[in-house]
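The values are calculated or read from the model by the stated rules, or taken from the named source; none is laboratory data. Keep in mind that what you see is a predicted model, and the values were worked out from it rather than measured. Quick reminder, even Gly has a Cβ in these numbers, built from the backbone with ideal geometry, and neighbours come from all protein chains shown.
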Amino acid sequence: MTRLTVSACRSPNWLDPYLSSFEEMLIGKKYSPATIKPYLVLVQRLARLMDADGIAPEALTTELAAFLVRDEERYCKRQNKFKNIAKRFVEHLTELGVVPALVPTTQQIARREFRVGYEDYLDRQRGLSQRTIGHAWGFANRFFDFRFGTNDIDLAALAPDDIISFLQNLLTAKPPYRDKTPSTHLRSLFQYLFKIGATKVNLALCVPSVAQRWDARLPRYLSPDQIEAILASVRTKQKNGARDYAMILLMARLGLRAPEVIVIQLDDIDWRAGELLVRGKGKRHDRLPLPHDVGEALAAYIRHERVSTSRTLFVKRRAPNGPFECGEVANNILKGAFAATGIKPPSPYVGSHVLRHSLATSMVRKGASLAEVGDVLRHRSRASTMIYAKMDIDGLRTIAQTWPVAGDVT
């Protein structure tokens with residue numbers, strides 16, 4: 001690492017104004033004093049490392065800060081904490097104008113422009129969520145890095161062999177698994193390239209499909225008693241009990257998906273009409289009736305536990321009390337509930353979708369039609385609802401043929 005020269009006019013107390021503004025920024029984002037104190041201590045440690053190596057504030061970069069603290073992480077309780085704090089401090093210095101913003105290269109500019117157009121296509125024409133759009137661009141970016149490296153992107157030079165080589169490199173890096181995500185996102189990418197005329201042929205047709213026979217097994221579900229035991233366990237949690245209970249109750253009673261729960265806004269609840277606006281897949285908005293127990297759980301969370309200036313309903317407990325980035329929080333809540341109650345999950349992977357399957361299975365076994373189940377789960381296609389026909393054991397018995405026995409005459 002090249003040693004940099006300290007500015008001649010730099011005083012021993014050069015950090016003080018930046019440290020004060022950094023602290024004010026953290027306070028403005030509602031970080032607690034207990035969190036801010038170690039942040040400031042570690043930033044002071046970073047400053048001492050800069051002094052030791054003769055690095056001026058205006059020469060600090062994110063990469064240089066990570067290099068300086070590479071041996072300091074052992075003093076932190078959480079892995080990479082020092083590195084993340086150093087990165088935040090560098091970003092703060094950049095906002096103040098102390099650290100000059102990096103000038104992007106022509107390749108970075110071209111890729112950024114392509115990303116804007118591609119994400120706009122996924123948003124406006126495909127109706128994907130921001131999280132899915134982020135994943136789609138992540139795979140597209142990885143493909144470009146694999147195919148072109150640091151060179152200019154030549155979209156006209158793409159060939160089917162490039163797709164196969166990338167997928168082989170991607171999927172053989174770990175034990176084989178049936179994840180259709182890479183193929184799905186790559187197919188979207190090449191459909192877009194063909195649409196804008198960047199490729200002469202539709203390379204999406206060359207992306208192999210992942211063999212998955214979802215119809216070969218029954219939906220994984222929990223019994224009504226198990227659902228109630230999990231709800232009771234979540235409700236009695238000491239930390240975030242009201243919030244977590246309201247989230248799980250929404251999925252158990254209304255069949256909401258985890259991503260649909262975390263994007264609910266305060267204005268989506270119509271208390272007077274007893275309705276909830278659900279922001280579903282494909283930017284589809286539906287209104288569902290708000291059951292009495294769900295409404296009580298939401299009101300209790302808002303009144304007694306929620307602290308945030310965000311209009312998103314469910315927020316993090318830690319400052320700055322912002323919304324969740326993804327629905328993984330629901331999976332973690334369920335994992336804790338399974339461990340606390342001793343209930344064995346119906347599958348090795350504990351996902352919140354099991355609550356949706358459980359609601360549908362319970363409805364079918366209580367006599368609800370598949371059309372009613374599809375309406376509650378807001379399926380676009382009736383084919384998505386047909387998997388629950390297997391759960392109507394009594395109905396299947398009425399159409400089952402008798403088992404042949406010896407001596408029967410057909």
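Can you tell me how many residues within the stretch 326-351 are without any contact (Cβ under 8 Å) to a residue 60 or more places away in the chain and either outside the structural domain of residue 231 (by TED's automatic domain parsing) or among the aromatic types (Phe, Trp, Tyr) (or both)?
Of the residues in the stretch 326-351, 1 are without any contact (Cβ under 8 Å) to a residue 60 or more places away in the chain and either outside the structural domain of residue 231 (by TED's automatic domain parsing) or among the aromatic types (Phe, Trp, Tyr) (or both).
Filter the stretch 267-284 down to residues that are of a type outside the set (Asp, Glu) and more than 20 Å from the chain's Cα centre (by Cα), then give me how many there are.
Of the residues in the stretch 267-284, 7 are of a type outside the set (Asp, Glu) and more than 20 Å from the chain's Cα centre (by Cα).
Does residue 388 satisfy being of a type in the set (Phe, Trp, Tyr) and either within 22 Å of the chain's Cα centre (by Cα) or at positive phi (or both)?
Numbers: of a type in the set (Phe, Trp, Tyr): yes; either within 22 Å of the chain's Cα centre (by Cα) or at positive phi (or both): no.
It is false that residue 388 is of a type in the set (Phe, Trp, Tyr) and either within 22 Å of the chain's Cα centre (by Cα) or at positive phi (or both).
Of the numbered conditions (1) part of a helix (DSSP H, G or I); (2) buried (at least 18 other Cβ atoms within 10 Å of the Cβ), residue 332 fails exactly one; give the number of that condition.
Looking at each condition in turn, residue 332 falls short on (2).
Between 277, 313, 266, which is in contact with a His (Cβ under 8 Å, 6 or more places away or on another chain) and either within 29 Å of residue 33 (Cα to Cα) or surrounded by fewer than 17 Cβ atoms within 10 Å (Cβ to Cβ) (or both)?
Working: 313 fails: in contact with a His (Cβ under 8 Å, 6 or more places away or on another chain); 266 fails: in contact with a His (Cβ under 8 Å, 6 or more places away or on another chain).
When all the criteria are applied, what remains is 277.
For the stretch 205-236: of the residues being of a type in the set (Ser, Thr, Tyr) and at pLDDT 90 or above, which is surrounded by the most Cβ atoms within 10 Å (Cβ to Cβ)?
Among those residues, the one meeting the criterion is 233.
Taking the stretch 138-197 as the search range and keeping residues that are hydroxyl-bearing (Ser, Thr, Tyr) and closer than 19 Å to residue 119 by Cβ, which one is surrounded by the fewest Cβ atoms within 10 Å (Cβ to Cβ)? Spell out how you get there, then give the answer.
Let us first name the residues in the stretch 138-197 that are hydroxyl-bearing (Ser, Thr, Tyr), namely 150, 165, 172, 177, 181, 183-184, 188, 192.
Now narrow it down to the ones that are closer than 19 Å to residue 119 by Cβ: 181, 184, 188, 192.
Details: 181: 12, 184: 17, 188: 22, 192: 21.
Applying the filter and picking the extreme gives 181.
Yes or no: residue 262 within 26 Å of residue 225 (Cβ to Cβ), under 19 Å from the mean Cα position of the chain (by Cα) and among the aliphatic types (A, V, I, L, M)? Show your work before the answer.
Working: within 26 Å of residue 225 (Cβ to Cβ): no; under 19 Å from the mean Cα position of the chain (by Cα): yes; among the aliphatic types (A, V, I, L, M): yes.
Answer is no for this residue.
Give the stretch 349-373 a look and list any residue that's outside any helix (DSSP H, G or I) and under 20 Å from the mean Cα position of the chain (by Cα), or say none. Break it down into steps so the answer makes sense when it comes.
Step one: of the stretch 349-373, the residues outside any helix (DSSP H, G or I) are 349-352, 366-369.
Hits for the stretch 349-373 are 349, 350, 351, 352.
Looking at the stretch 131-145, which of the residues that are among the charged types (D, E, K, R) and at pLDDT 90 or above is farthest from residue 263 (Cα to Cα)? Break it down into steps so the answer makes sense when it comes.
Taking the stretch 131-145 first, the residues among the charged types (D, E, K, R) are 131, 142, 145.
Add one more test, that the residue is at pLDDT 90 or above, and what stays is 142, 145.
Details: 142: 28, 145: 32 Å.
Out of the qualifying residues, it is 145.
Can you spot a residue in the stretch 274-285 that is closer than 16 Å to residue 338 by Cα and either in contact with a Ser or Thr (Cβ under 6 Å, 6 or more places away or on another chain) or in the same structural domain as residue 391 (by TED's automatic domain parsing) (or both)? Talk me through it step by step, then tell me what you get.
First, pick out the residues of the stretch 274-285 that are closer than 16 Å to residue 338 by Cα: none.
No, every residue in the stretch 274-285 fails to be closer than 16 Å to residue 338 by Cα and either in contact with a Ser or Thr (Cβ under 6 Å, 6 or more places away or on another chain) or in the same structural domain as residue 391 (by TED's automatic domain parsing) (or both).
Can you name the residue in the stretch 283-309 that is of a type in the set (Asp, Glu) and under 16 Å from residue 272 (Cα atoms) and is also surrounded by the fewest Cβ atoms within 10 Å (Cβ to Cβ) among such residues?
It comes out as 293.
Within the stretch 94-112, is there a residue that is under 23 Å from the mean Cα position of the chain (by Cα), within 30 Å of residue 284 (Cα to Cα) and either in a helix (DSSP H, G or I) or in contact (Cβ under 8 Å) with a residue 40 or more places away in the chain (or both)?
Initially, the stretch 94-112 is screened for residues under 23 Å from the mean Cα position of the chain (by Cα), giving 112.
Now drop any that are not within 30 Å of residue 284 (Cα to Cα), which leaves 112.
Now restrict to residues that are either in a helix (DSSP H, G or I) or in contact (Cβ under 8 Å) with a residue 40 or more places away in the chain (or both): 112.
Yes.
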